[in-house]
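Step one of this worksheet: look at the structure below.
The values are calculated or read from the model by the stated rules, or taken from the named source; none is laboratory data. On a predicted model such as this, the values are computed, not experimentally measured, just so you know. Cβ: placed from backbone, ideal geometry, glycine included. Neighbour counts: every protein chain shown.
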Amino acid sequence: MAKAAKKEPATDCRLYLVTPQRLDPKPFATDLARALDAGDVACVQLRLKDVSDDEIRRACDVLRPVAQDRDVAFILNDRPDLAAATGCDGVHVGQDDSTYEDARLAVGADAIVGVTCHDSRHLAMDAGEAGADYVAFGAFFPTTTKDAKGHPEPDILEWWSGVFTLPCVAIGGITPDNCGTLVKAGADFLAVLSAVWQHPDGPAAAVQLFNAKIAEAKATA
């Protein structure tokens, strides 16, 4: 079972950037570098959909060094095999993707393996017991990025962060305007996509704003 221990909510919260589902790696690398240089970011997840394995490999080869050179973890979505083959720091798997056990076998004991748990406390506890490095809950807010299978309330973050030491990621429609509730509830990471890459002032401005809002929420928690 996931290790249980009391933890004060909002003791820490960091950004977890998720890439668009389709991108041109070389120009996107410039946007990614600007975003990472603008403020604190813990992790970048490469989340490409409906592309070939070769395209995923090329994207990893271009984008992974941008993150890793800045001490930011680079995670591949869905594909433990390619994560291991391309030097990623780990993999994120959904409930309909690889099992945690298969993912861990592919990437090794020292890599990061995160697991989507939707709005299920049971799935989260199972993932923690199996050895996941983090669990992800969502979607907390409406999102057009994907067809969300769970719609948890922030109290799932309060419950998790109050009982378990394993980090939790909040995802789904998160913006600078609504993220404070999740920070105060105990999210360790905020997974954000559109609110960064589609920000009218660019991704760097979005990262700066998110970090300011996180700090504000932590200060008033």
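Among the residues of the stretch 195-219, those that are of a type in the set (A, V, I, L, M, F, W, C) and either surrounded by 16 or more Cβ atoms within 10 Å (Cβ to Cβ) or under 23 Å from Thr144 (Cβ atoms) (or both) comprise Ala195, Val196, Trp197, Ala204, Ala205, Ala206, Val207, Leu209, Phe210, Ile214, Ala217. Annotation note: Cβ proximity below 9 Å between a residue of the stretch 12-26 that is closer than 13 Å to Gln45 by Cα and a residue that is modelled with pLDDT under 95 and surrounded by 15 or more Cβ atoms within 10 Å (Cβ to Cβ) (sequence gap 6+ or interchain) occurs for Val18/Thr145; Pro20/Thr145; Gln21/Thr145; Gln21/Lys146. Residue count for the stretch 29-55 satisfying the condition of being assigned to a helix (DSSP H, G or I) and free of Cβ contacts under 8 Å to residues at least 40 places away in the same chain: 6. Count of the stretch 192-221 residues, restricted to those that are charged (D, E, K, R) and under 15 Å from the mean Cα position of the chain (by Cα), is 0. Residue by residue through the stretch 174-187, note down the ones that are in a loop (DSSP other than H, G, I, E, B) and surrounded by fewer than 24 Cβ atoms within 10 Å (Cβ to Cβ). Scanning the stretch 174-187 gives Thr175, Pro176, Asp177, Asn178.
Here Lys6 passes the criteria (1) at pLDDT below 95; (2) closer than 19 Å to Val196 by Cα except the one numbered (2). For the stretch 104-124, a residue qualifies if it is hydrophobic (A, V, I, L, M, F, W, C), touching a strand residue (DSSP E or B) at 6+ places or on another chain (Cβ under 8 Å) and either surrounded by 20 or more Cβ atoms within 10 Å (Cβ to Cβ) or in a helix (DSSP H, G or I) (or both), and the qualifying residues are Ala106, Val107, Val113, Val115, Cys117, Leu123, Ala124. Checking the conditions here, which among Ala221, Ala148 is modelled with pLDDT under 95, closer than 21 Å to Asp12 by Cβ and in a loop (DSSP other than H, G, I, E, B)? Going through Ala221, Ala148 in turn, the sole match is Ala221.
Results for (1) of a type in the set (A, V, I, L, M, F, W, C); (2) in contact with a Pro (Cβ under 7 Å, 6 or more places away or on another chain); (3) more than 27 Å from Leu48 (Cα to Cα), shown as yes or no for each residue.
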position	(1), (2), (3)
Ala130	yes, no, no
Phe140	yes, yes, no
Gly172	no, no, no
Phe189	yes, yes, no
His199	no, no, no
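Residue pairs whose Cβ atoms lie under 7 Å apart, sitting 6 or more positions apart in sequence or on different chains, and linking a residue in the stretch 107-120 that is more than 22 Å from Ala139 (Cβ to Cβ) and free of Cβ contacts under 8 Å to residues at least 60 places away in the same chain to a partner that is of a type in the set (D, E, K, R) and in a loop (DSSP other than H, G, I, E, B), are Ala111/Asp89.
If I filter the stretch 93-103 down to residues being part of a loop (DSSP other than H, G, I, E, B) and not polar (S, T, N, Q), which single residue comes out as surrounded by the fewest Cβ atoms within 10 Å (Cβ to Cβ)? Among them, the one singled out is Asp96. Checking the stretch 56-77 against the condition returns no match, with no residue being part of a helix (DSSP H, G or I), more than 20 Å from Arg34 (Cα to Cα), touching a residue at least 12 places away in the same chain (Cβ under 8 Å) and among the acidic types (Asp, Glu).
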